[in-house]
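Asker: I'd like to ask you about the structure that follows.
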Amino acid sequence: MSCVPGRCSWAPRGARFALVATNAKEVAVRAAVRGEVQGVGFRDATVTRAREAGVRGWVRNADDGTVRVHAEGPPAAVEELVAFLGEGPRLSRVEGVDVERVKVEGHEQFAVRGVSAGVFVVQEHRATAHHFDLRLEVGGVMRSWAVPKGPSMDPGQKRLAVEVADHGMGHNDFEGRLGTGGVIVWDRGTYEQGGRVPWPEALDRGHAVFVLHGEKLRGGFALQRTREGEKPQWLLIKRRDDEARPGSDVVAEQPRSVTGGQTLDELLG
Ligand code: MN
């Protein structure tokens, strides 16, 4: 085991990561688990152990073959989970764990990250007014927001998003004339929950963080409710991450349908 302040690395079944000695009521660590660990069994077992121990945070498979864990809670509980990560469940083979102390983030659950929560679609819609409809699959329907200016990849742009009626999933592929206007499928893909609050409870509470895997929209976004009532108002904001594009205008730069290839103007000809 080798340690520098706040950072340790050790082989399985090695020395314990000394958190119990801290006076803090709550601690947080980020761990990277190396070995044959990316099967779904490892993540499921980690969730079970974390919940049993009273640890909050998340577990996800990383692109480099490791499993990453954010764990926070009472020091003894976090240490117990870290010890579990060093051993792993049956059918996994842990080569080592790198652990780093990080700030407590205020998670309210322990969840698997990096797995789809459903599909999303953004339809550009010309009706009485021109707008973009952002729709997220929740419980078998598409929760929907009308975004007059459309989404942005610039974290500095806060876009008004008016909550509108749920749509059926069958509408997701619709493209064509509608009334005196029309619709194109401007973007689509899958999304995952990204916040500290269970999904979809985060939507009920008016602050939802999610990660989009679309063709145009990528990375973290937040929907923040600013006004309740019959037509709740929200702000749609790009989170600051590697996918953010400050100064960009994705609606102007990429106007074409991701299914038919035409712009809404071309469709309406
Ligand atoms: Mn609409």
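Each reported figure results from applying straightforward, stated rules to the coordinates on display, with no laboratory input. Computed from a predicted structure; not experimentally measured. Neighbour counts run over all protein chains shown; Cβ positions are idealised from the backbone, glycine included.
Asker: Suppose each label sits 7 Å from its Cα in the direction of the beta carbon; what would the R51-Q38 distance come out to in nanometres?
Answerer: A separation of 2.6 nm, rounded to one decimal place.
Asker: When the chain is treated as a GNM, springs tying every alpha-carbon pair under 10 Å, which of T46, T180, T190 comes out with the largest mean-square fluctuation?
Answerer: Maximum among the listed residues: T180.
Asker: Taking the Cα-to-Cβ direction at A165 and at S116 and moving 7 Å from each Cα, how far apart do the two end points lie in nm?
Answerer: 2.8
Asker: Which one, L19, G247, V141, is farthest towards the positive end of the dipole of the chain when Lys and Arg carry +1 and Asp and Glu -1 on their Cβ?
Answerer: In the chain, that residue is L19.
Asker: Another question, if that's okay. Out of S144, S257, S248, any idea which swings most in a Gaussian network model of the chain, alpha carbons joined below 10 Å?
Answerer: Maximum fluctuation in the GNM of the chain, among the listed residues, is at S248.
Asker: Helix 40-53 versus the longest principal axis of the chain: what angle, 0 to 90°, nearest 10, using Cα atoms?
Answerer: 70
Asker: Using label points projected 7 Å from each Cα along Cα→Cβ, tell me how many nm separate A127 and E243, to one decimal.
Answerer: Here the modelled spin labels are 2.7 nm apart.
Asker: Let me ask something additional. Can you check how the C-alpha radius of gyration of region 40-114 compares to 2.2 N^0.38 Å, as a plain ratio?
Answerer: Here the Cα radius of gyration is 1.00 times the empirical estimate.
Asker: Per residue of the chain, what 222 nm ellipticity follows from adding -39500 (n - 2.57) for every DSSP H run with n ≥ 4, rounded to the nearest 500?
Answerer: -4000 deg cm²/dmol
Asker: Give me the Kirkwood hydrodynamic radius of region 118-268 in Å, from all C-alpha pairs, to one decimal place?
Answerer: Here the Kirkwood hydrodynamic radius works out to 15.4 Å.
Asker: Sticking with this one: Which FRET efficiency, nearest 0.05, do L235 and A62 yield, Cβ-Cβ r, R0 25 Å?
Answerer: 0.25
Asker: Specify whether the C-alpha gyration tensor of the chain places it in the rounded, prolate or oblate class, a ≥ b ≥ c being the square roots of the eigenvalues: rounded for a/c under 1.5, otherwise prolate if a/b is larger than b/c and oblate if not.
Answerer: prolate
Asker: Cα axis of helix 75-87 to longest principal axis of the chain: angle in degrees, 0 to 90, nearest 10?
Answerer: On a 0 to 90 degree scale, this one is about 90.
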